[in-house]
């Protein structure tokens, strides 16, 4: 089912065909007669040169899942037909963290489990089925085309592109930069005489290795995920098993502070053996790998503060990882891209045919979603890096979150609130609701701050 269209403009260009680019194209299709997606890579289901995390495990948070369903009503059915698994966020994972296993119980909030390749491929097919949407691969944007000057205001009205057949210029009324973490937008802005946005950074030095495995029969996880998270800073290693299509597991092991394995089967299993509980190791020694492990390294989370700029060219926007790139181990990127697309839709609906101040409203509207995800990453990753500055208020929140993690291993209400906030269905303030707060405090009064919740034993 195609969305209702009332085109007010002729042509838009989207740089990048990853999740943020596809979601942006879906929204722009409502307001532009033509939308051209420019992708520098050849698109191959087995790899994405410009997306090094393409083959790694990806979690679609519940808020992102519901948002995608609203934008693409047929997407869920298509994914399920191709082997994705539908589950409930309260029963999806066996999760070990901070000395115990989090409580599992149905919450009535749906989620999907599948590979990134399947999700992105199905999403791209849905976008390209929209009238007026086109995709050009092998097209690398090398700069912006503009007119005007600093006095009258600059308008971006196209891009310079390197194609397999040489360089050319493409015109458009709107250019969306969804090119990812390596975006050249800051340089392009300075070339036009504007200020580049200030950037904030949260150190991570995360490395992770992923490999697919055939799911054993019978499945010891019973189509659940397995998550083993570190109690920072004394622990730095994590493990993850996600059930995906084709009766396979996507297995990832990760380490902070440059403590990560080599991309070999032997090192992956050895790394799994070092985790605080033996569950992942016990699974891998009996499982059959599919293909070779792959590795991805990410030094930090980066946030570019476009909302702080005083001036910006008309007809140009930045979205997705090009704007804010999170440590991917927390699985927030897709969901934040969906939320940004929803705000783009609102801003274009309210623009009444005028794009001049669209950038100001868009960058302002998306800040709450970005700030929520950014704060969650900062509170967790700064545990590994005491030199990263935190305000007294953030240090208090960090200590309280440790108590929440531990209380969630025994209390259903705390676990429910934790899963809702983690999946961005509720704001972080929900963790301070009186029914949650008193349970967290009561739990600590009963067991103390240092007493282990459970022994570190396997649940398999």
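The values are calculated or read from the model by the stated rules, or taken from the named source; none is laboratory data. These figures come from a predicted structure and were not determined experimentally. A quick note on method: Cβ atoms are made from the backbone with ideal geometry, for glycine too, and the neighbour counts reach across all protein chains shown.
Residues in the range 150-173 that are under 32 Å from the mean Cα position of the chain (by Cα) and not in a strand (DSSP E or B): 164, 172, 173.
Residues of the range 243-259 that are farther than 11 Å from residue 210 by Cα and either without any contact (Cβ under 8 Å) to a residue 24 or more places away in the chain or surrounded by 14 or more Cβ atoms within 10 Å (Cβ to Cβ) (or both): 243, 244, 245, 248, 255, 256, 257, 259.
Would you mind telling me which numbered condition in (1) modelled with pLDDT under 95; (2) touching a helix residue (DSSP H, G or I) at 6+ places or on another chain (Cβ under 6 Å); (3) crowded, with 20+ Cβ neighbours inside 10 Å residue 127 fails? Residue 127 satisfies all of (1) modelled with pLDDT under 95; (2) touching a helix residue (DSSP H, G or I) at 6+ places or on another chain (Cβ under 6 Å); (3) crowded, with 20+ Cβ neighbours inside 10 Å except (1).
The set of residues in the range 217-245 being farther than 16 Å from residue 295 by Cα and in contact with a helix residue (DSSP H, G or I) (Cβ under 8 Å, 6 or more places away or on another chain) consists of 220, 221, 226, 228, 232, 244, 245.
Please specify each residue of the range 155-165 satisfying the condition of being over 15 Å from residue 37 (Cα atoms) and at pLDDT 95 or above. Passing the criteria: 155, 156, 157.
Among the residues of the range 200-213, are any assigned to a loop (DSSP other than H, G, I, E, B) and either at pLDDT 95 or above or surrounded by 21 or more Cβ atoms within 10 Å (Cβ to Cβ) (or both)? No, the conditions are met nowhere in the range 200-213.
Selection of the range 105-117 for residues being surrounded by fewer than 20 Cβ atoms within 10 Å (Cβ to Cβ) and in contact (Cβ under 8 Å) with a residue 60 or more places away in the chain yields 105, 109, 117. The number of residues in the range 25-45 being touching a helix residue (DSSP H, G or I) at 6+ places or on another chain (Cβ under 6 Å) and within 15 Å of residue 175 (Cβ to Cβ) comes to 5. Checked against (1) touching a strand residue (DSSP E or B) at 6+ places or on another chain (Cβ under 8 Å); (2) at pLDDT 95 or above, residue 193 meets all criteria but (2).
If you go through the range 260-297 and keep only what is part of a loop (DSSP other than H, G, I, E, B), in contact (Cβ under 8 Å) with a residue 60 or more places away in the chain and loosely packed, with under 14 Cβ neighbours inside 10 Å, you end up with just 286. Taken over the range 310-328, residues that are assigned to a helix (DSSP H, G or I) and farther than 25 Å from residue 154 by Cα amount to 1. Suppose the filter is farther than 20 Å from residue 172 by Cα and either outside any helix (DSSP H, G or I) or without any contact (Cβ under 8 Å) to a residue 24 or more places away in the chain (or both); does residue 307 pass it? Spelling it out, it is not the case that residue 307 is farther than 20 Å from residue 172 by Cα and either outside any helix (DSSP H, G or I) or without any contact (Cβ under 8 Å) to a residue 24 or more places away in the chain (or both). Filtering the range 147-180 to residues that are farther than 16 Å from residue 315 by Cα and buried (at least 17 other Cβ atoms within 10 Å of the Cβ) leaves 161, 179, 180.
Which of the residues spanning the range 246-268 are modelled with pLDDT of 95 or more and in contact with a helix residue (DSSP H, G or I) (Cβ under 6 Å, 6 or more places away or on another chain)? Within the range 246-268, 253, 254 meet the criteria.
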